[in-house]
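First comes the structure, then the notes that go with it.
The values are calculated or read from the model by the stated rules, or taken from the named source; none is laboratory data. From a predicted model like this one, the values you see are computed outputs, not experimental measurements. All Cβ positions, even for glycine, are placed from backbone atoms using ideal geometry, and neighbour counts span all protein chains on display. We work out accessible area using only protein heavy atoms, side chains counted, and drop any ligands, DNA or RNA first. Shrake-Rupley method; radii C 1.70, N 1.55, O 1.52, S 1.80 Å.
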Amino acid sequence: MKFFIPDFDKSLETIKFKPTAVPDTKSTSVKDKKVKKKKKNSKKLKEDESSTHEATKKVAKSSKLLKGRIEKPKNKKSSKSQQLKLSKATAEKAVNESLKKTNSQQDSSSISTFAAKVKEQLKGGRFRFINEQLYTMSSRKAAKIFEEDPETFHAYHEGYRHQIAKWPLNPLKRIIKMINRLPKSLEIGDFGCGEGQLAQAVPHKVYSLDLVSCRNDIIACDMVQTPLKTHSLDVAVYCLSLMGTNLNECFMEANRVLKVNGFLYIAEIQSRFDDVTQFVRQLTAYGFELIKQDVGQNIFYFFQFKKTRNIGLVAKVPQITLKPCLYKKR
């Protein structure tokens, strides 16, 4: 069979192609896979390392944030100095707080102390006022005042307690010692007993008498007119209680209730006496004889009399007066 090949036009440009080799697909495909796998593994390893590094940085950063500050590298000296500064600041803060607390306590203490002083002065002032009134009025008038206002009596004795606390000697304690030396069978009358401390301090039978009764065993009455029986007492006690302007009636009542040879004990403030000898002589007219006296004390005088006779209620006796205790005006 014959082929017909036409003639080409010589004017046409002839294009020549370079020969290309056909790749061996079987031999190259295995190598390429290995190379790709190595590259992939190395890339993954780098990514893992990078992520691990980032995670470590984040953990470190978060731990520092949890501590409340970002720590910077410091040397030992700087950390110690900062600790010293912190401890010094803490100590100063503690000292300041302690001072504030102390000042606050001192302020409250000074306020309470001032209030207590004011209260004390008010009590003392009221006591002095009532005391002066009792010295300058009769026992009957005083009894009427306390009967109408018993609170005044309690206020007076509250002030009296504060007053005797300042004295170097409590005269009642000396009277108690004197009575404790007497036979227990004797009966005692405590005129102007106040809170009845004598009856609580001795084993004897004691009749406690005052203008107001602050206890069940205290008899409320006027000291010049008591409910005691005539010639019933062995001892009559007047401890800082000769206060009225009618003292002559007090001594006449003492003569009435005391047995013959009974004792009269008196304790009074020394400034009330102008003439002790005259006082003793006047009491002789009321049937009392001086047994013993102690006028060497700076504040109080003590007397011990014995009843020698009965004088009756209508006897002619001298008027006995003692100076009232008046306080200087402040």
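Some points to look at:
- Rounded if a/c under 1.5, otherwise prolate or oblate - segment 142-203, Cα gyration tensor axes: oblate
- Accessible area (Å², per residue) of segment 141-227, counting only protein heavy atoms and a probe of 1.4 Å: 53
- Per-atom-type breakdown for segment 170-307 gives carbon and sulfur 46% of the accessible area (1.4 Å probe, protein chains only).
- Taking other residues whose beta carbon is less than 14 angstrom from the beta carbon of Tyr301, and scoring Lys, Arg as +1 and Asp, Glu as -1, yields 0.
- Radius 12 Å from Cβ of Ile219, net charge of other residues (Lys, Arg +1; Asp, Glu -1): -3
- Each label was represented as a point 7 Å from its Cα along the Cα-to-Cβ direction; for Asn298 and His162 these points are 2.4 nm apart.
- Three-way shape call for segment 170-307 based on the alpha-carbon gyration tensor, with the a/c threshold at 1.5: rounded
- Rounded, prolate or oblate (a/c below 1.5 giving rounded, otherwise prolate when a/b exceeds b/c) for segment 125-165 by Cα gyration tensor: oblate
- Extension gain for the segment Lys144 to Cys325, taken as residue separation times 0.36 nm less the Cα-Cα distance, is 63.0 nm to one decimal.
- Beta bridge orientation in segment 170-307: antiparallel %, DSSP, nearest 5: 45
- Point-charge dipole on Cβ atoms (K/R +1, D/E -1) for segment 170-307, about Cα centre, debye to 20: 520
- Net charge over other residues, Cβ less than 13 angstrom from the Cβ of Ala199 (K, R count +1; D, E count -1): -3
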